[in-house]
Amino acid sequence: MKITYLGHAGLSIEVANKHLVIDPFVTANDLAKHLNVNTIEADYILITHAHFDHIADVEVIAQRTGAKIVSNYEIFMHFSEKGFDGHPMSQGGSWQFDFGKVTYTNAVHGSSFQDGSYGGNPGGFLIETNEGTIYIAGDTALTYDMKLIPLMATLDLAIFPIGDNFTMGIDTAILASDFVACNKVLGYHYDTFDYIKIDHEEAKSKFSAKKKELILLDIGASINI
Ligand code: NI
Ligand code: MN
């Protein structure tokens with residue numbers, strides 16, 4: 001499994017010869033100007049919630065690639081009414097896709113569209129594949145429900161928002177990594193806006209003090225798990 005950071009909460013995941021895109025926010029992100037949204041490959045676009053900083057590039061990518069949009073029912077319907085193909089889920093539900101099993105997990109956050117219309121409840125994704133298992137928390141507070149994750153799967157990597165203010169911050173992400181029983185964390189949802197700027201070295205050293213690893217990728221950089 002190869003995971004590429006698209007900036008903010010955006011990820012591109014190559015697994016089982018499929019391309020997954022998570023929460024694409026590239027063209028409107030000043031920090032991701034060097035990425036070309038028109039070359040991002042996608043068989044599936046997974047959306048955690050309807051906030052603008054998670055769906056801004058969904059249509060441009062889905063239009064070109066024909067990718068299936070996987071999200072909660074309300075977000076699925078929003079794009080379905082515009083003619084896009086997709087797969088609706090709700091929290092607690094799992095589906096076996098051709099690349100692996102996806103469970104839509106709980107998140108504590110909001111999920112309205114930019115115009116204020118209802119975007120269902122926010123979520124995250126537990127993705128179990130033959131090439132590894134990851135948990136993408138989505139925008140969320142630290143939540144006790146994260147303790148359910150290790151009852152369902154053994155993680156190779158946890159992906160947590162770490163920018164604070166709108167989501168967990170560094171200290172709560174460290175607690176979250178205990179809750180999900182995974183000491184290897186990829187941070188996302190930081191630096192994009194003034195409210196969520198972090199000190200990278202301080203963040204990493206707080207994790208290493210707890211014998212945990214915090215990975216912060218340059219935008220466009222990848223890791224293999
Ligand atoms: Ni959000
Ligand atoms: Mn967000």
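The values are calculated or read from the model by the stated rules, or taken from the named source; none is laboratory data. Predicted model, so just to flag it, every value in this text is computed and none were measured. Backbone-built Cβ (ideal geometry, glycine too); neighbour counts: all protein chains shown.
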In the range 45-73, anything buried (at least 23 other Cβ atoms within 10 Å of the Cβ) and away from ligand 1 (no atom under 16 Å from the Cβ) is listed as Ile45, Ala62, Ala67, Ile69
Being within 16 Å of the chain's Cα centre (by Cα), within 16 Å of ligand 1 (Cβ to nearest atom) and in a loop (DSSP other than H, G, I, E, B) is the filter here; which residues of the range 144-172 pass it? Ile162, Gly163, Asp164, Phe166, Thr167, Met168, Gly169
Can you find a residue that is touching a Leu at 6+ places or on another chain (Cβ under 8 Å) and acidic (Asp, Glu) anywhere in the range 187-203? yes
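The rows are residues; the columns are (1) surrounded by fewer than 19 Cβ atoms within 10 Å (Cβ to Cβ); (2) at pLDDT 95 or above; (3) among the aromatic types (Phe, Trp, Tyr).
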residue	(1), (2), (3)
Gly93	yes, yes, no
Asp98	yes, yes, no
Tyr104	no, yes, yes
Val108	yes, yes, no
Glu131	yes, yes, no
Gly163	no, yes, no
For a quick check of your reading of the model, give me the residue pairs whose first member lies in the range 185-209 and is under 19 Å from Ala137 (Cα atoms), whose second is surrounded by 18 or more Cβ atoms within 10 Å (Cβ to Cβ) and polar (S, T, N, Q), with beta-carbon atoms closer than 7 Å and at least 6 apart or on different chains. Val185/Ser177; His189/Thr167; Thr192/Asn29
The one condition in (1) within 16 Å of ligand 2 (Cβ to nearest atom); (2) among the aromatic types (Phe, Trp, Tyr); (3) surrounded by fewer than 24 Cβ atoms within 10 Å (Cβ to Cβ); (4) in a strand (DSSP E or B) that Phe113 fails to fulfil: (4)
Determine whether Gly132 is under 20 Å from Ser71 (Cβ atoms) and either more than 15 Å from ligand 1 (Cβ to nearest atom) or in contact with a helix residue (DSSP H, G or I) (Cβ under 6 Å, 6 or more places away or on another chain) (or both). no
Strands (runs of 3 or more DSSP E) wholly inside the range 1-65 that include at least 1 residues being more than 16 Å from Gly220 (Cβ to Cβ) and within 17 Å of the chain's Cα centre (by Cα): 10-15, 18-22, 44-46
